[in-house]
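Following: one structure in C-alpha cells, then a few remarks.
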Amino acid sequence: MFLKIFQFVMITSAISVIASEKPDVLFIVLDDLNDYIGAYGNEQAITPNLDRFASQSMRFDLAMSATPLCNPSRTAVMTGLPAYVTGIYENNHYFRDFPKWENWVTLPQYFRQYGYRAVAGGKVFHKPSGQHADAQSWDEIYHDRSGTMSPPLDKKWAHGMKDEFELDYYQKAIDWAGLDVPKEETADWITADRAAKILQEEHDQPLFLAVGIFRPHLPWYAPQEFFDLYPLDEVTLPETVVNDLADVGPIGRRMAGGQAQSVIEGNGKWKEAVQAYLANVSYADACVGHVLDALEKSGRADNTIVVLWSDHGFHLGEKEHWEKYTLWERANRAPLIVKAPGVTDAGSVCSKPVSLIDLQPTLIELCGLPARDDIYGNSLLPLLKGDQANWDKPVLMTHYPNNHAVRSERYRYIRYADGFEELYDHQVDPNEFTNLAGNPEYREVMDRLAKEMPKINADWPDYERDFNQH
C-alpha cells in the first residue's frame, strides 16, 4: 500500500513539474473560411486582425483539411485519426458512438493528462453544445452557443431563391442578411469576449483554450456594419470558365451539388452572395481580433502558442459549385497560421503542403508532452523552425470511402471510388480548369501520388442516405 501511495505521489508531482513549465495554447478555429483574407493575397477582404496576426506568425499557404466537411475534419484534428480510419464521413456521425472510439483520448484530453486545464467555447468539435461538443474532452465548456441570431422573418430569404434549390440543405442554408444589432450581442462575439476574459485571469496550471468562431459558415447573417464594408459595385467575382465540369466524372459532379451555381448566377445574386461571405469574414476577423488583443494585454503572449485554422475551404462558384463537399483545392485548402514564441519567425511563410491532422502531433511536441504513437499526422515543428528544404510529404484528403485526393507541392491528384481520375498542375493551373488525367505523359505522376492513398477504408453503412442529404 505504501509503495502504491508513494508511486502516485511521485507521478502527481512529476505531472505538476511538467505542467508548471509548459506554455499555454490558444486554439482558434473558424468555420468555412477559405483564403478570403488579406494576408493570403485576397485584395478585397478586409481582415486587419488576421493580417496583423499573420505578420507576427508563420502562414501556411498549402494547409489542407483531412476531409472537406465540418464534422469529419474537426474529428480528424481532435482525435488524430482520419475519416478512412474512423468511419466519420458525415456531419451526423459522432465518433464515440462507434465502440472502437468510445473511449478515445482526444487532443484536449491528452493535454489534461499532463496538467493542462482545457476549456472551450463556441464550435470546436462539431457543435457548441450537446453530444457533438464532446463535453468529456474539456474541464469546462464556457460558452455553448455560436454564430449570430437570425434576422426578422421579413428579412429572411429576401434574395427570392429559397424554393429554387434542389438540395434541402441549400434551401435552408443559403441565405444572407445584415443584422440591425451591435456585434457585442452576437454569440460568436460573446464566445470571443469570454475567451478574452479567461486570458486575463490568473491561473496556476497551463491553459489549453479553444475558441470556436462559427462564421463565415452559412447562413450569412452578420451585423450590418460588416456588410457596409463592401459596396456591391466593388465586389469582384472568382475566376471561372464555362462548362468547367466537362472533364469531371459522375462522382465529382455529384459531390458538386447540382445546380446551386446556376440558381445564384441565373438570379443575378452572385455578387450579393460574395458580398455576404466577405461581410461574415470581416465579422469573424473582428471576433478573432478581440481575443488576440486580450492575449497581448494579458502579459502571457510570450508564453502562449497560438494556432488559428479553419476546418476546410469554401467554394463561391468556382468549378460551378457552392459550399465544400468536394475533393478540389477550393474545398480542402484552409487557412493555418501558427505563432510559437521562440520558434516561428514573424511574417514567415511555409509553401509546403501540410494537413490539419498534423496539428495534434505538432502541439504535443511544441509543448514538450510525450509523443503519441496511436495518432496520424506529422509534427510541423521542422517547418515552424524554417526547415522547408527537407520536407517532402504529400497530403491526403478523403471524402467518403475510397474517394481520395493527394496534394503535392505541384499537383492535386484525385481518384474516386469508381476509378475516375483527375490531375491538376497548380504550377500552371491554380484554378483547376484542366484535368490532365487523360494525358499519358502524367501517368507516372499519378501512380506516384496514388501510393499515398489507403488500401482499406472504414465502412459507411448509411452511404446513400447521407450522401443524398449532404
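The values are calculated or read from the model by the stated rules, or taken from the named source; none is laboratory data. Keep in mind the model is a prediction, meaning the values are calculated, not measured. Neighbour counts are summed over all protein chains in view; Cβ atoms, including those assigned to glycine, are modelled from backbone coordinates with ideal geometry.
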Could you pull out the residue among N431, N402, N390 that is modelled with pLDDT under 95, surrounded by fewer than 23 Cβ atoms within 10 Å (Cβ to Cβ) and polar (S, T, N, Q)? N390
Could you check V181 against (1) crowded, with 18+ Cβ neighbours inside 10 Å; (2) modelled with pLDDT of 95 or more and say which number it fails? (1)
If you scan the range 395-420, which residues turn out to be without any contact (Cβ under 8 Å) to a residue 60 or more places away in the chain and of a type outside the set (G, A, S)? N402, V406, R410, Y411, Y413, R415
Can you name the residue in the range 112-136 that is surrounded by 23 or more Cβ atoms within 10 Å (Cβ to Cβ) and either without any contact (Cβ under 8 Å) to a residue 60 or more places away in the chain or charged (D, E, K, R) (or both) and, of all such residues, is farthest from Q224 (Cα to Cα)? D134
Which ones in the range 147-185 are out of contact with any helix residue (DSSP H, G or I) (no Cβ under 8 Å at 6 or more places or on another chain) and closer than 21 Å to K123 by Cβ? S150, P151, K172, A173, V181, E185
Please go through the range 442-459 and give me each residue that is more than 28 Å from Q388 (Cβ to Cβ) and either surrounded by fewer than 13 Cβ atoms within 10 Å (Cβ to Cβ) or more than 23 Å from the chain's Cα centre (by Cα) (or both), ordered by number. R443, K455, I456, D459
Just one of (1) on the phi < 0 side of the Ramachandran plot; (2) touching a Gly at 6+ places or on another chain (Cβ under 6 Å) trips up P223, so point out which. (2)
Total residues in the range 425-451, condition free of Cβ contacts under 8 Å to residues at least 12 places away in the same chain and not in a loop (DSSP other than H, G, I, E, B): 6
Pairs please, first residue from the range 69-87 and under 20 Å from V119 (Cβ atoms), second anywhere and at pLDDT 95 or above and of a type in the set (D, E, K, R), Cβ atoms under 6 Å, 6+ apart in sequence or on different chains. R74/D311
Within the range 317-351, take every residue that is aliphatic (A, V, I, L, M) and touching a strand residue (DSSP E or B) at 6+ places or on another chain (Cβ under 7 Å) and give me the one that is surrounded by the most Cβ atoms within 10 Å (Cβ to Cβ). A331
Quick one: V105 ticks every box in (1) in contact (Cβ under 8 Å) with a residue 40 or more places away in the chain; (2) on the phi < 0 side of the Ramachandran plot bar one, so which box is it? (1)
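Let's see how each residue does on (1) in contact with a strand residue (DSSP E or B) (Cβ under 9 Å, 6 or more places away or on another chain); (2) at pLDDT 95 or above:
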{"site": "Y221", "(1), (2)": "yes, yes"}
{"site": "D228", "(1), (2)": "yes, yes"}
{"site": "E234", "(1), (2)": "no, yes"}
{"site": "N243", "(1), (2)": "no, no"}
{"site": "D247", "(1), (2)": "yes, yes"}
{"site": "Q275", "(1), (2)": "yes, yes"}
{"site": "S282", "(1), (2)": "yes, yes"}
Would you call N468 within 30 Å of P341 (Cβ to Cβ) and either at pLDDT below 95 or more than 26 Å from the chain's Cα centre (by Cα) (or both)? no
Could we say that E365 is surrounded by fewer than 20 Cβ atoms within 10 Å (Cβ to Cβ) and either at positive phi or free of Cβ contacts under 8 Å to residues at least 60 places away in the same chain (or both) here? yes
I need the full set of residues from the range 36-55 which are under 17 Å from the mean Cα position of the chain (by Cα) and either basic (K, R) or outside any helix (DSSP H, G or I) (or both), in order please. Y36, I37
Test for G87: is it on the phi > 0 side of the Ramachandran plot and surrounded by 24 or more Cβ atoms within 10 Å (Cβ to Cβ): no
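Table: residues versus (1) surrounded by 20 or more Cβ atoms within 10 Å (Cβ to Cβ); (2) under 20 Å from A173 (Cβ atoms); (3) in contact (Cβ under 8 Å) with a residue 60 or more places away in the chain; (4) basic (K, R).
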site	(1), (2), (3), (4)
I264	yes, yes, yes, no
K269	no, yes, yes, yes
E272	no, yes, yes, no
A276	yes, yes, yes, no
Y283	yes, yes, yes, no
A286	yes, no, yes, no
G289	no, no, yes, no
G299	no, no, no, no
I305	yes, no, yes, no
